[in-house]
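Trainee: My questions all concern the structure below.
The values are calculated or read from the model by the stated rules, or taken from the named source; none is laboratory data. In this text the structure is predicted, and so the values were computed from the model without any measurement. Backbone-built Cβ (ideal geometry, glycine too); neighbour counts: all protein chains shown.
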Amino acid sequence: MTLDNWPKHIQKYLFLLKDGFFQFPYLFNSPQIMLDSMLELPISRHFPEKHLITFNTSLCKAKMYYREMDEGFWLLTFYMNMKENIMALSGYDNNQSSDYYLLTFSVFEYKFPLKDGSALSLLSTCWTFSKPNTEISSYFYKQADGKFFSIAIRKDWAKKNLTSKKFKERKAILNFLNGKRGSYTWLDISQKAHEVGADLSDLLEKESNSEADEAAIKKKSMKLMTEFFDNCFIDSRIEDNISLSNLDYLNVSRAEKIILQNLHLPFIGIEYIAKEVNTSPTKLKANFKAVFGFSMLQYHKEKNMMLARQLIKKSDFDIQDIAVIAGYDSAGRFASSFKKRFGKLPSEDRF
């Protein structure tokens, strides 16, 4: 695939329905190539004075603010409203160089149905850090709204700017940058990042583009990066620096989708998931843990616990009902698991 034949590619694949998701392809050799590929989409409108691209279809609405804050240092911020299931799929132009790393902080809000027919808004938050030439498949569900704060950095910029003392693990960071292809995901590892993201949103949506605002955007982007690197060493994945194939990353992404679609059930099993994604259980198990830092069973439990905690804090569901939603066959087992994870019983967390 190249930028030259990109129009033909999107004519064939843009919003192609596959496995219940409409595909949204884009190129990402660099932020500039990404912008160029998105401007080729028939659904896009460009507002250069606002550093803004908008997308509007019957399947989704989105807008993207972009800023080149330094040579080799960009901020790409996406606001998305899903009317149908969408899969965003990155690709690369083989005739162009690719040396940008992508750090993304995403905050997605989705609707959880309540007994009276209304819906409760719950949050799903994660970080993803990807190396060049790593194809990323991201699944977004109908009726979800989200924000992505993506920081794209080139290796030469990183070597120059990530060696300061503000980055405690700077040696490990630089070692990671020298590895091959890779993509890693963390769940909500920094509460301060939510505040930084909100500040960035306010700055980006201001009508003015003063030098002070641009400086503030750059400062907040650096702060967001610092929040990530101060908290991402909760496990050894960055130090281990495992590189998988793009097909492996696709299979891991598909496995995560299956887990999320079955959170309301007891864990459906590694063998079943591996069969669905057409790979071996042993290989999928190892690859999933390399990407997420959890086994598939642990990931299922962690997502269920995060869902349950939000329901306890935001809804009036009975604890027993929340236990069932979280896939537990008894309120007692749920309470025990909840206390082990959060240090208090569900009833104590509600008030």
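Trainee: Here is a list of conditions, (1) surrounded by fewer than 18 Cβ atoms within 10 Å (Cβ to Cβ); (2) in a strand (DSSP E or B), and Asn94 meets all of them except one; can you say which number that is?
Mentor: (2)
Trainee: Only one of these is of a type outside the set (D, E, K, R) and closer than 22 Å to Asp188 by Cα: Ser280, Ser253. Name it.
Mentor: Ser253
Trainee: For residues in the stretch 238-258 being over 19 Å from Phe176 (Cα atoms) and of a type in the set (Gly, Ala, Ser), which is surrounded by the fewest Cβ atoms within 10 Å (Cβ to Cβ)?
Mentor: By that ranking, first place goes to Ser253.
Trainee: Check whether at least one residue in the stretch 57-70 is without any contact (Cβ under 8 Å) to a residue 60 or more places away in the chain and touching a Gly at 6+ places or on another chain (Cβ under 9 Å), and report yes or no.
Mentor: no
Trainee: Kindly indicate the residue of the stretch 209-232 that is surrounded by fewer than 18 Cβ atoms within 10 Å (Cβ to Cβ) and of a type in the set (S, T, N, Q) and also modelled with the lowest pLDDT among those meeting that condition.
Mentor: It comes out as Asn209.
Trainee: Okay, moving on. Being without any contact (Cβ under 8 Å) to a residue 60 or more places away in the chain, assigned by TED's automatic domain parsing to the domain that holds Trp74 and of a type in the set (Asp, Glu) narrows it down to one residue among Glu239, Glu271, Glu211, Glu276; which is it? Full working, then the answer.
Mentor: Numbers: Glu239 fails: without any contact (Cβ under 8 Å) to a residue 60 or more places away in the chain; Glu271 fails: assigned by TED's automatic domain parsing to the domain that holds Trp74; Glu276 fails: assigned by TED's automatic domain parsing to the domain that holds Trp74.
So the residue among Glu239, Glu271, Glu211, Glu276 that is without any contact (Cβ under 8 Å) to a residue 60 or more places away in the chain, assigned by TED's automatic domain parsing to the domain that holds Trp74 and of a type in the set (Asp, Glu) is Glu211.
Trainee: Cβ-Cβ under 8 Å, sequence separation 6+ or interchain: first residue in the stretch 24-38 and closer than 17 Å to Tyr101 by Cβ, partner among the aromatic types (Phe, Trp, Tyr) and in a helix (DSSP H, G or I). Which pairs?
Mentor: Leu27/Trp6
Trainee: Please list, ordered by residue number, the strands (runs of 3 or more DSSP E) wholly in the stretch 107-206 having 1 or more residues that are buried (at least 16 other Cβ atoms within 10 Å of the Cβ) and outside the structural domain of Ser30 (by TED's automatic domain parsing).
Mentor: Answer list for the stretch 107-206: none.
Residue-by-condition table, conditions (1) farther than 21 Å from Tyr92 by Cα; (2) surrounded by fewer than 18 Cβ atoms within 10 Å (Cβ to Cβ); (3) not aliphatic (A, V, I, L, M):
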residue	(1), (2), (3)
Met1	no, yes, no
Lys8	no, yes, yes
Leu16	no, yes, no
Phe24	no, no, yes
Glu40	no, yes, yes
His46	yes, yes, yes
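Trainee: Now, a different point. Among the listed residues Lys50, Lys63, identify the single one that is in the same structural domain as Tyr184 (by TED's automatic domain parsing), surrounded by 18 or more Cβ atoms within 10 Å (Cβ to Cβ), of a type in the set (D, E, K, R) and touching a strand residue (DSSP E or B) at 6+ places or on another chain (Cβ under 8 Å).
Mentor: Being in the same structural domain as Tyr184 (by TED's automatic domain parsing), surrounded by 18 or more Cβ atoms within 10 Å (Cβ to Cβ), of a type in the set (D, E, K, R) and touching a strand residue (DSSP E or B) at 6+ places or on another chain (Cβ under 8 Å) holds for just one of Lys50, Lys63, which is Lys63.
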